[in-house]
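Heads up, the thing below is written out as C-alpha cells.
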Amino acid sequence: MNGVSRRSVLRTGAAAAGAVSLGLPQWSMASGKYPDKPVRVIVPFPAGGTTDVVARLILQKLGEAMGQSFIVENKGGANGAIGSEFVARAAPDGYTLLFNTAGAQTLSPVIYKSNYEALASFEPIGLVCDVGFVLIARKDLPANNLQELIALAKKGDKPLSASSGSSMLSLVTEQFKKAINAPSVINAQYKGTSPQMQAVVAGEVDFSFDSFVSVEMIKAGKVKALAVVMPQRAESFPQVPTLKELGIQGMEFGSWAGMLAPKGTPKPIVDELAGQLAKIVKMPDVVAKLKSYDYVPRFENPEEFGKHIQSDTDRWKRIVKETGFKIE
C-alpha cells in the first residue's frame, strides 16, 4: 500500500491535435445548439469523494439549466491521472468534459510526468469552490488532540499509518510527517478520498488528511477531528483548531474543484458552460450544500481559472524539486 503503480493510458497527444485540425461538427459552429445530446463528465476519482460530491451537485443544476443530461462517469486511478488523461485525448466537441480537483489537475502531471499537461491539454471552464482539509483519526486511537497524535507518532514502538487518496493529500501527509518529525509514519495509498476516509472509519489506518468527505462521520462519532488545514476554523467544527493555531508550520495547503474541457473545445461552448456555472455557484441551495461540507463557493471564469492552474503548477514544480516528493 506504500505506492501507487501507474500506467499511461495515452499513446500521444496527436489524436487530440488531429481532432482539432479536422474541425468540429457543423452544428457546433453554425446552429449553436449545444448541447443537443447528453454530455459525459469524467470525475477522475471513485464515487463519494470530494470531486464526485461537488460534480454531482453542480451537474444536476447544469443539466436543468441547459436542458440535457450531464452524466458523471467515474474513472479513478493513479491519483486522478487516468481520468484526466482520458479527457485530454477526447474529441474537443463539448461532449466529454472533466470535473477535477487541484491535485489531479496540477500536481499529478508534475509527479508522474504524464501525457497531459495541467493547462496546455485543457480549456479551463470554471472553478466552483475552494476545498480545505481536516485531520481525522480512528475513533479508538488513544489520541484526542494533535499533541497526543504527535506523541504517538514519535513513540516508535509501533509506526502509525495514514491513508492518502490523492496526490495532494499524499503530499500533505508527507509534509506533516516532516513538520512533526515523525518519519516512521506509513503513508498508505488509496484510490480516492472516499476509500481513504473509509479506511480510517474501518480502523485500517490510524489517521488521515481528509477533504471534509468525513463531515457526517465526524458528526456521528465514527472518526475524530483533530485539526483543520485551513486559514480559519471550519464552520462545521468551530471547536477544532487549525494546524497553524497549534504551531505546525509549512502546511499552507488547499484544493479546489472545477470544470475543464479538452484543448480546442470551441470558445462559444466554453463560454456558455462558464456562464451557467457562474449562476449555479450563487444559487442559495448550492451555496448551502457546499458550505455543509465546509467547501467555499467561489467562481473563477476561464481566464482566471487558467491563471490559477498555472500558478498552482509552478508552485508544485518548485515544492517537488525542493522536497524530492514522489509517488512510485
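Throughout, read-outs are computed from the coordinates displayed, never taken from laboratory work. Being a predicted model, the structure only gives us computed values, none of them experimental. Heads up, the Cβs are rebuilt from the backbone with ideal geometry, glycines too, and the neighbour counts pull from every protein chain shown.
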### Task
In whole angstrom, note down how far apart the Cα centers of region 262-302 and region 38-60 are.
13
### Query
Tilt of helix 302-323 relative to the longest C-alpha principal axis of the chain, in degrees (0 to 90, nearest 10)?
40
### Summary
Placing one equal point scatterer on each C-alpha of region 84-155 and summing with Debye, one gets log10 I(q)/I(0) at q = 0.24 Å⁻¹ equal to -1.07
### Query
Which of the listed residues, 212, 190, 104, is farthest toward the dipole's positive end in the chain, when Lys, Arg count +1 and Asp, Glu count -1 at the beta-carbon?
190
### Query
Helix 146-155: angle to the longest alpha-carbon principal axis of the chain, degrees 0 to 90, nearest 10?
70
## Note on the structure
The answer for the per residue Cα convex hull volume of region 182-328, in Å³, is 158
### Task
Return the lysines within reach of residue 219: Cα separation strictly under 24 angstrom, same-chain partners fewer than 8 residues apart disregarded; answer none if there are no such residues.
139, 244, 289, 291
### Query
In the structure displayed, which of 263/307; 61/282; 61/222; 267/307 lie more than 21 Å apart, Cα to Cα?
61/222
### Message
Report the gain in length on full extension from residue 323 to residue 298: 0.36 nm times residue separation, minus Cα-Cα distance, nm rounded to one decimal.
### Response
5.9 nm
### Total formal charge among the other residues, if their Cβ is under 13 angstrom from that of residue 153, Lys/Arg +1 and Asp/Glu -1
+2
### Task
Among DSSP beta bridges lying fully in the chain, give the percent that are antiparallel, nearest 5.
60
### Message
Just to compare against my own numbers: the Cα pair-distance distribution for the chain, 10 Å bins, whole % per bin, please.
### Response
6, 27, 34, 21, 9, 2, 0
### Qualifying lysines (Cα of each under 18 Å from Cα of residue 154; at least 8 residues distant if same chain)
177, 178
### Query
What is the log10 of I(q)/I(0) for region 133-229, computed with the Debye formula using one identical point scatterer on each Cα and no solvent, at q = 0.24, 0.25 Å⁻¹?
-1.34, -1.46
### Message
Output needed for region 120-182: three equivalent-ellipsoid semi-axes, defined as square roots of 5 times the C-alpha gyration tensor eigenvalues, in descending order, whole Å.
### Response
31, 14, 10
### Task
Could you calculate, for region 147-200, the ratio of the Cα radius of gyration to the Kirkwood radius, expressed as Rg to Rh?
0.98
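What is the sum of charges, Lys and Arg at +1 and Asp and Glu at -1, for the other residues whose Cβ falls under 15 Å from the Cβ of residue 278?
Summing Lys and Arg as +1 and Asp and Glu as -1 gives -1.
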### Query
Just from its helices, what would the mean residue ellipticity at 222 nm be for the chain, if runs of 4 or more DSSP H residues each count -39500 (n - 2.57) and the sum is divided by every residue, rounded to the nearest 500 deg cm²/dmol?
-11500 deg cm²/dmol
## Note on the structure
Computed curve, region 174-249, Cα-only Debye sum without solvent term, log₁₀ I(q)/I(0) at 0.22 Å⁻¹, is -1.16
